[in-house]
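I have placed the structure first, in the form of C-alpha cells, so that the comments after it can refer back to it.
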Amino acid sequence: MKMEHHLKSCTRNKNKLLTIKFITISFFTLFLVVILFHIQYSSPFDFSLSARSQTRRASLFQENYSNVIEMMTAKLKHSVTFLPLQDFRFRETATTGHTWFMSSLNDTREENEAEYMYFPSKASKGRLLCFKGRDMKDGTKNSYALAWRESLPDSAILLEGLTFVSYTYYDHTNLWHGLCAVAPFVRWSMKNECLKPERWVLFHWGELRLRMGSWIQQLMQTNFGEVKVEGFDRGDNVPYCFERAVVMRHEMSQMGKENKLKTFELLRCKARSYCGINPAGKGREINERGFPIIRLTLLMRRGSRSFKNATVVTDIFSKECARVEGCILHVVQSDDLSFCDQVKVLTNTDIVASPCGAQLTNMLFMDRESSVMEFYPKGWLEYAGSGQYAYHWMANQSGMKHQGAWWDPIGEECPSPQDQWQCFSFHKDGMVGHNETYFAEWARRVIDQVRLMKQEQASADQANKQQHDSKGCVC
C-alpha cells in the first residue's frame with residue numbers, strides 16, 4: 001500500500017517537472033519570435049533612421065569616388081606628352097627607313113597596301129591623335145600626342161568626323177609628288193566603304209602646309225567632294241584633337257601594282273565624270289574609210305625643259321602622223337589648259353609625247369594601254385638619278401605603255417662634274433633639243449604599234465559583238 005502511494009507521488013512530481021520545462025521552452029520560443037518579428041518589422045521611424053544612415057554613407061562614397069575620378073582625369077590630362085613632329089635622329093633615313101615624322105609610332109602594314117596609322121585604334125589603346133603648333137618653317141616646333149577622349153589636354157579643340165593627315169617629304173603642289181602623297185587615301189577609302197574626310201591636314205618635314213596644288217585639289221574633289229585644308233587658326237599653341245584620323249607618311253611605297261591600277265582607275269573615272277566626259281566607244285573610233293582613229297598629242301610646256309625649237313618638233317610628228325591614215329595630231333600647251341581641259345585632252349589621246357615634267361602626270365586620264373613618249377634635256381641621264389624614271393613608273397602603275405625616252409646629248413657641260421647635286425641643279429632647268437631622224441623613226445614605230453593594236457581590238461570586238469558601255473565608278 002505504501003509502495004503504491006509512493007509510486008503515484010513520484011509520477012505526479014515527474015509530470016510537474018515536465019510541465020514546467022514545457023512552459024519554459026514555450027516562453028523562450030515566444031520571446032525569440034517576438035524579437036525576430038521586431039527586427040523584421042521595425043517601426044517606420046527606426047527604418048527611416050537606418051535608410052538615412054545608408055544614404056549618407058552612399059553619398060559619401062559617391063563623393064569620394066567622384067573626387068578620385070576627377071583627380072585621375074586631371075592626372076591623365078597632365079600626363080599627355082607632346083613630341084616634335086620632326087625627329088632629327090632619323091634625318092638620314094627620312095625617305096628610306098624609319099621616318100622622322102611622328103617617329104615614336106608604328107604603321108599598320110597590310111599586304112600590297114600603303115602603310116597607314118588610324119586613330120583611335122587598338123594600336124593607340126583607344127587614344128585620339130592630337131597636334132599642337134602651326135609653324136611653317138620648323139617642323140620641330142610642331143608636336144603630336146595621343147590622349148583619351150575623356151582626358152584631352154586643357155583647352156584642346158576636338159575636331160569631329162574623319163580627318164586625313166598627309167605627310168610628304170616633297171610637296172603637295174607638284175602634280176607628281178602631290179599625287180603620290182594623296183593616292184593612298186583614295187585606296188584606303190575604297191577599302192573602307194568609300195569614306196570621305198571632313199578635312200585634310202598637310203605636312204612637309206613636319207611643317208604645316210595650308211594648301212594643295214590646284215590640280216591635286218581638284219582631283220581629290222572629284223572623288224571626295226569639297227576639300228577643306230585645316231589651318232589650326234584658332235591659336236598657335238592650342239591642341240587640336242581628332243575624333244578619327246588616318247595618317248599616311250610613306251606615300252605609295254608599299255602599295256602593290258594591282259592596287260595602284262585600281263586607285264588610278266577610280267581617279268580616272270571620277271575625273272571624267274566630274275568634267276562631264278563620257279569616253280564610251282572612244283577606243284573604237286574609225287574614220288569614213290574604216291581606219292581606226294589614232295589621236296597623238298604633243299603636250300608642250302614653257303620655260304625649263306621645254307623644246308628649244310617646238311616648231312621643228314611639231315613638224316616631225318605632223319609628218320609621221322600624216323603618213324598613217326586615221327592619225328590626228330593635237331598640239332597643246334599644258335599651262336593653257338584648265339583641269340577639265342586636261343582631262344578632256346588626255347581622255348582623247350592614244351599617244352602623248354612630252355618633255356619630262358609635271359604635266360605628264362595627266363597621263364592618268366588616258367585609257368589603259370595608251371602610249372607615253374618622254375624627252376629629257378642634256379645632263380639628266382648622268383645626274384638626275386632614279387627620279388628621272390618617275391613617269392616611267394607612273395605609266396606602269398596606271399596601266400600605260402611607256403615607249404621609252406630620249407636624252408639630249410647636246411648642251412652645256414656642268415662646270416663642276418665631280419659634284420653630282422650641283423650638276424643636276426645646273427642641268428635641271430635646261431631645254432630639250434631634237435634629233436629629226438631619231439624622232440621620226442621613234443614616232444613612226446609607236447604610231448604603227450597603236451594602229452595594229454586598234455585594228456586587232458576592232459576585229460575582236462566585231463567577232464565577239466561586244467558592247468562597251470560606260471560603267472559607273474567604284475565609289
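Quick notes on this one:
- Every condition in (1) part of a helix (DSSP H, G or I); (2) within 13 Å of the chain's Cα centre (by Cα) is met by ASN259 except one, and the failing one is (2).
- Taking the criterion of being surrounded by 11 or more Cβ atoms within 10 Å (Cβ to Cβ), basic (Lys, Arg) and in contact (Cβ under 8 Å) with a residue 60 or more places away in the chain, the residues of the stretch 110-140 that qualify are LYS132, ARG134.
- None of LEU364, LEU381 is open to solvent by less than 10 Å² (accessible area, probe 1.4 Å) and either more than 21 Å from LEU298 (Cβ to Cβ) or not in a loop (DSSP other than H, G, I, E, B) (or both) except LEU364.
- Filtering the stretch 304-315 for residues that are touching a Pro at 6+ places or on another chain (Cβ under 7 Å), of a type in the set (Phe, Trp, Tyr) and not in a helix (DSSP H, G or I) leaves a non-empty set.
- Qualifying positions in the stretch 96-114 - touching a strand residue (DSSP E or B) at 6+ places or on another chain (Cβ under 7 Å), under 20 Å from LYS191 (Cβ atoms) and outside any strand (DSSP E or B): ASP107, ALA114
- Looking at ARG127, ARG149, just one residue is out of contact with any Phe, Trp or Tyr (no Cβ under 6 Å at 6 or more places or on another chain) and not polar (S, T, N, Q), and that residue is ARG149.
- Within the stretch 421-443, tally of residues that are within 14 Å of ASP350 (Cα to Cα) and open to solvent by 20 Å² or more (accessible area, probe 1.4 Å): 0
- Of the residues making up the stretch 225-249, those that are within 14 Å of the chain's Cα centre (by Cα) and crowded, with 21+ Cβ neighbours inside 10 Å are ALA245, VAL246, VAL247, MET248, ARG249.
- Complete set of residues in the stretch 389-442 that are touching a Pro at 6+ places or on another chain (Cβ under 7 Å) and either under 18 Å from ARG368 (Cα atoms) or part of a loop (DSSP other than H, G, I, E, B) (or both): ASP408, GLY411, GLY430, MET431
Each row is one residue, and each column tells you yes or no for (1) under 17 Å from ARG305 (Cβ atoms); (2) of a type outside the set (Gly, Ala, Ser).
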position: GLY430; (1), (2): yes, no
position: THR437; (1), (2): no, yes
position: ALA440; (1), (2): no, no
position: ARG451; (1), (2): no, yes
position: GLN455; (1), (2): no, yes
position: ALA458; (1), (2): no, no
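- Scanning the stretch 328-349 for residues being surrounded by 23 or more Cβ atoms within 10 Å (Cβ to Cβ) and either touching an Asp or Glu at 6+ places or on another chain (Cβ under 8 Å) or assigned to a strand (DSSP E or B) (or both) gives a total of 0.
- Hits in the stretch 285-342 - residues which are among the acidic types (Asp, Glu) and in contact (Cβ under 8 Å) with a residue 40 or more places away in the chain: GLU320
- Restricting attention to the stretch 384-399, the residues that are touching a residue at least 40 places away in the same chain (Cβ under 8 Å) and open to solvent by 10 Å² or more (accessible area, probe 1.4 Å) add up to 5.
- Flag if LYS270 is closer than 23 Å to CYS473 by Cα and surrounded by fewer than 17 Cβ atoms within 10 Å (Cβ to Cβ): no
- Yes/no for PHE365 being out of contact with any His (no Cβ under 9 Å at 6 or more places or on another chain) and aromatic (Phe, Trp, Tyr): yes
The values are calculated or read from the model by the stated rules, or taken from the named source; none is laboratory data. None of the values given here were measured: they were computed from a predicted structure. Cβ coordinates were reconstructed from backbone atoms using ideal geometry, including for glycine residues, and neighbour counts include every protein chain displayed. Side chains included, ligands, DNA and RNA excluded: accessible areas come from the protein's heavy atoms. Shrake-Rupley method; radii C 1.70, N 1.55, O 1.52, S 1.80 Å.
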